[in-house]
Every structure is written in structure tokens, then in C-alpha cells.
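Step one of this worksheet: look at the structure below.
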């Protein structure tokens, strides 16, 4: 629901400016409630008996592990559990395992120079800064987009969970800005920074692969960045890297069988089918079929819009979210990229587009809690987010495939300082 930002909103029928502002009010209420819960909670806990920063505890502990020279212990679950208990103290008794590659732990080392709660605050502030930077890199007016982006529930989840989704978003936004301006090697190098969650690069790599004659240097930059990252891991953190390879092979594929799985707020087609029919080969195959269908639709879309970087990149990000096997609620913040790009391109009626954004905005707010409620009564439930998202994407695809394609308007270069236009 990011880009409801112009006078065209008045054409949205039922969704008038006044009614749309209720979304901002609801979001503001959520943010205020969260801040009260954090500030009033005992010790490192909030009023909901969750650790302040929640998932950030794993990242902070990983940073402490690196800083103390114990990187070989990054994937020793007993070591990490005891370290988190030491950092947070009672009454915290939970545990968040560090699941990403070892090089990613270095991102959090600077934050370990701060006390835990101050580090959470600094990481949260950085999340807002990265959101602003992402919007600017995409080429939109941050003053108009920012309030709606902040109201998007996945952004709230990113901040309140202490997650790294804003880092993923700014990497994709920077890769887009560089790629659009044909700084291809740099674009590929930047995209390789997302290898801590490699599944989030799938759509962009598919796009570059389709037009490899134009973008082979971007693919080469990605390959070079991947090699440099791998070399750094082996040379600087050899034992940790070997432990991660064993960990990723033996433990990560079985995450769904852990005692406290988070499938209810995992929004992927693989999770949708697991919730509907149970985990196993049939669910994986159905998720794969949906992914293949999404890829076919993406290729058709690319054939029509191959001359329009904004449209093809927007589609690439949507493809990523449709085919990824692992994506939780905070990862949906990446939908801000195609939402902004599609709005700025202005190919569809903005009143209709507003309605589509509202549907997605409400869906992601309530789909997780509804799924969790359903699980109280049955082990086989329907997760609403994915079928509603799929229906919205299909309608958007059909509408965009039916409109004529004209020359894409030039957009301002975020790497250059803007100068006012002076009339002669």
C-alpha cells in the first residue's frame, strides 16, 4: 500500500483520501502500542513476554561471537543458546538460532559495542534510514511514499522483529538503480551482497539471464561478488564456513520439524501447501508447479516489456516472492519495490491500482493471525495471503498485458544532486 500519493487517489471510488487515512491511523496505533510495550517491559523483555528486538538477539549474539574470536562456534546451538541467555538475562528463556551464512555476522559486529537495548534501537533507526534510501534509489518522492511504506505491516514486522529485511530491500533498490543506468558490473556486485538470503536474488537473476546478451556484465559482477564472498568466508572464517555447510545440509532443510515452527507467518506457496495438506513431497511439488507457472508468466511479461527496466525489474521482484521457498512476513516488505515502480510508471488507472494495493495491505495485516487462529482447531488450514496475492498478481498481469507499451519516461538519477530548473 505504498504509493497512494497523488490527486488520482480521488478516483478510487470507495477508497477516498479520508478513508485511506484510516490506514495511517491504524498503523500509528500499532507503532505506539509497540513502543509502549517495549518501554514498559521488564529488563530486556516487552509486555508480551518477548525479547526486545526478538530475532535481533541471534544477530547480536553472532556479532559477539565474531568479536570474541569464537567464529567457529556460530553454528554450535548449545553455545549460541547459552550466549543469548547471558546477553538477555532472565526472565528470557527462549532461543533464536543464527541461520544465515557466517559472513553475514560481520554486519552486526559494530552493534556489539553498544548495550543490547541500545543496539536494538540503533538497528531500528537504521531500518528507517534504509527505507528512505530505498525509496530514493527507486526514484520516488520519499516525502509522499514514506508514510504509506511505514504503515505497511511487513515494515513494522521488520523493525519489531529486529530482522534484516530492510538490508535486503536497499540492496535490491541499489542494484536496480545501478542496473538501470547500465553500471552493470557494479549492479551485479551489489546484488551479490544479498547472498545471506540467496533466494531473494532469484527473480533478478532470472531477468538478467533472459537478456544475458545485454546484461552479461551484471551476471559477471554477481558471479565475481559471489566468489569474493566465498573467498572471504573460507580465508577469514574457514571453520565457521565448514560448519555452516554441514549445518545447511543437515539442519536447515528440517526447520519445519522443529518444536516451534513459524510456518503460520511464512508467506510462500510451499508454506501454503504445507499448511493445507501437510509437509512432504506433495506440498513441495505443488509449490514447484506454482513457481514454474509464475516463471512462464514472467517470461511472457518480459517479452512485452523488455524495453522498460522499471516494469521488468518490478516483475522480477514479484517473481522472487512467488517462487521463494522461504519467506516470512517481514520479507514481504520487498513488495514495496514493485508497488512504487508500478505506481510511478502510471500505466494503469491509479484508482484501480489503489484498490489492489489496499487488498494486499489488509491481507498481510491479518493473514498471519487468522492462520494462527485456524491452527487452534485443525492441522490443515487455508492461509489467505498467498491465494489473494496470486489473484491480485494475475489480475495485474492481465491488465498490464492488455495496455499499449509506449516509451518509458526518464527518471531522475539518485546518484546525482538535483538542481532546480531555471527558466530563461
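Some points to look at:
- Restricting 412, 325, 369, 309 to residues that are farther than 30 Å from residue 56 by Cα and at pLDDT below 90 narrows the list to 412.
- Each residue in the stretch 363-399 was checked for being closer than 26 Å to residue 315 by Cβ and either surrounded by 15 or more Cβ atoms within 10 Å (Cβ to Cβ) or touching a helix residue (DSSP H, G or I) at 6+ places or on another chain (Cβ under 6 Å) (or both), and 17 of them qualify.
- Of the criteria (1) closer than 20 Å to residue 210 by Cα; (2) modelled with pLDDT under 95, which one residue 296 fails: (2)
- Condition check for residue 232: over 14 Å from the mean Cα position of the chain (by Cα), part of a helix (DSSP H, G or I) and within 30 Å of residue 121 (Cβ to Cβ): yes
- Checked against (1) within 30 Å of residue 193 (Cβ to Cβ); (2) in contact (Cβ under 8 Å) with a residue 40 or more places away in the chain; (3) surrounded by 18 or more Cβ atoms within 10 Å (Cβ to Cβ), residue 127 passes all but condition (2).
The values are calculated or read from the model by the stated rules, or taken from the named source; none is laboratory data. From a predicted model like this one, the values you see are computed outputs, not experimental measurements. Note that each Cβ is placed from the backbone with ideal geometry, even for glycine, and that neighbours are counted across all protein chains shown.
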